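Working notes, beginning with the structure itself.
Quick note: the coordinates plus some simple rules give every number you see, no bench work behind them. Model, not experiment: these values are computed from the prediction. Neighbour counts run over all protein chains shown; Cβ positions are idealised from the backbone, glycine included.
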Amino acid sequence: MKRTRSPNPGKPTAAAGPRLPSPDSVRLDRLQLMQGFPPPADKRVSFASYLGQYPQARWAFQHMRELIPSRNVWRGNGPPSPLPQGPELRGEIDALRFRGPAGELSFAEYLDASYADATLILLDGQRVYEVYQQGVPAQQPHMLWSMTKSVLGLLAGQLLHEGLLAADALVSDYLPELATSGWRGATLQQVLDMTADIDYRETYDDGQSDVLGYALAAGMTPAPADFAGARDLYSYLPGITGQGRHGREFHYRTLHSEVLGWVLRRASGLSTAELVSQRLWRRLGAEEDAYLLVDPAGTEWAGAGMNACLRDLGRFAEMLRLDGRFNGQQIVAPEVLAGIRQGGDREAFKAAGRSWQPGYSYRQQFWISHNRDGAYEALGVHGQMIHVNPAAGLVLVRLSSHPVAGSAFTFPTTRLALAALAELLRGRRAR
């Protein structure tokens, strides 16, 4: 596949917004997908159709291991850690009104327009809002897409803190297989912050984007019978080229996260799934196992493939808010979280042209707002979000199946919704 450089990778190409189905018309509890023994032909979801035939994604994102091979992330055999119920604020939060780019709406209307599947809000560690919009059980894992990156970025930060990794080491020091690739001369920190320079364009609404080659190598979508390209990640990554202008500009490229996953496996001697299990899931006291999707060679997708249930993501996010402490133990060093919150190079971030994230930077696979509350996020396509607002004591997890993959379409409204939510909860704390 020919690779072309773009001044604004990830920026939408369409001038006007897409026509979207009414959220109410594609509710998963009404679609009856994959119901029956066997399901009717028009209700079946397959590996070949789940990404291209909306609303099949609404079912697929909560059943990915039924479509693609996966590796389990064990929760351990201990009891789940507490995630206490606080005051029930659903009515108050749903009724919260704010002005978005297209006019005034309520928080409930915002979630509906986000095609939310499940939403959890914690205030000072207590559940004040927990809704499963699609009628799916609480224990059902959901596809995280690129929020996977932040899980791996956090683990990398901890291994850097422990000295198992070095931020200024070259990628090729860990992965000699990439010594002549586009990552030649790039440091691990540049990979973490996505300022390494490679010839790769990631635009989800462009059929010619390089993301297609990545998807085929990862086994994310079926390869045509005559496809001559790489069919696994370890074969695909060494073929990526670059100009070597590392550290100058931020551009969002999932391949950096795949390189990071390879580095973590090589340095730790563990699979990604086992590393997440040992370092996070068991120690968090997760309620449910998570899982990671794997490519045809059995390699976990480090940039997109994690699936987990809503409450366990709430535990993970609350641990972030508490400077790495949760379930009675220090799971991640506070210095790691402090380094993430300080953010990356804001001038380098501007090069990506992400006007819908004004003032942001990217640090260690997290999106840093630099707003007055020090809020930061893990984000994934189709509307996945973990939002941590330390100053307001707020954690929000939203799992979604929005028809539009990229966040540019919804994020301007999301920013305003989160600001209004923070003010509401700030007022609750002051009472």
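For the range 381-392, what does the Karplus curve 6.51 cos²θ - 1.76 cosθ + 1.60, with θ = phi - 60°, yield as ³J(HN,Hα) per residue in whole Hz, taken in order and with x for Gly and Pro?
Using θ = phi - 60°, the values come out as 4, 6, x, 6, 7, 10, 10, 10, 10, x, 5, 8 Hz.
Return the long-range amide H neighbours of H142 (sequence gap of 5 or more, or a different chain), with a cut-off of under 5 Å between placed amide H atoms.
Result for H142 returns A308, C309.
Compute the relative contact order of the range 68-114 as a whole-number percentage, counting only Cα pairs closer than 8 Å that sit 6 or more residues apart in sequence.
The value is 22 percent.
Check every DSSP H run in the chain and write down those whose alpha carbon atoms cover 18 angstrom or more along the long axis and whose mean Kyte-Doolittle hydropathy is -1.0 or greater.
147-162, 254-268, 411-430
For percent of Cα pairs over 36 Å apart, the listed values are [x] 21; [y] 45; [z] 36; which was obtained by calculation from the structure presented?
[x]
Find, to one decimal place in angstroms, the Kirkwood hydrodynamic radius of the range 99-184, where the mean of 1/r is taken over every pair of different Cα atoms and then inverted.
Mean inverse Cα-Cα distance, inverted, gives 17.4 Å.
Please work out whether the range 210-352 counts as rounded, prolate or oblate from its C-alpha gyration tensor, where a ≥ b ≥ c are the square roots of the eigenvalues and a/c under 1.5 means rounded, while otherwise a/b larger than b/c means prolate and anything else oblate?
Oblate shape, in that a/c is at least 1.5 and b/c is the bigger or equal ratio.
Between rounded, prolate and oblate, where does the range 124-267 land on the alpha carbon gyration tensor, with a ≥ b ≥ c its root eigenvalues, rounded for a/c under 1.5, else prolate if a/b exceeds b/c?
Judged from the Cα gyration tensor, the range 124-267 comes out oblate (a/c at least 1.5, b/c at or above a/b).
Using a ≥ b ≥ c from the Cα gyration tensor of the range 299-408 (square roots of the eigenvalues), is it rounded, prolate or oblate, where a/c under 1.5 gives rounded and otherwise the larger of a/b and b/c decides, a/b for prolate?
Oblate shape, in that a/c is at least 1.5 and b/c is the bigger or equal ratio.
In what sequence do M64, M34 fall when counting other Cβ within 10 Å, fewest first?
Least crowded to most crowded, the residues run M34, M64.
Would you mind ranking E377, E300, E88, E130 so that the residue whose beta carbon has the fewest other beta carbons within 10 Å leads the list?
Least crowded to most crowded, the residues run E88, E130, E377, E300.
Which far-off residues, 5 or more places away or on another chain, put their amide H under 5 Å from the one on R363, with H placed in the peptide plane?
Residues meeting the criterion, in which the H sits 1.01 Å from N, are G344, I368.
Once you charge only the Cβ atoms, +1 for Lys and Arg and -1 for Asp and Glu, what is the size of the charge dipole of the chain about its Cα centre, to the nearest 20 debye?
460
What is the Cα centroid distance between the range 252-313 and the range 400-431, reported in whole angstrom?
If you average the Cα positions of each part, the centres end up 27 Å apart.
What number, rounded to the nearest 500 deg cm²/dmol, is the helix-based mean residue ellipticity at 222 nm of the chain, given -39500 (n - 2.57) per DSSP H run of at least four residues and division by all its residues?
-8000 deg cm²/dmol
Which ordering of F326, F409 is given by a fewest-first count of other beta-carbon atoms within 10 Å?
So the residues, fewest neighbours to most, are F409, F326.
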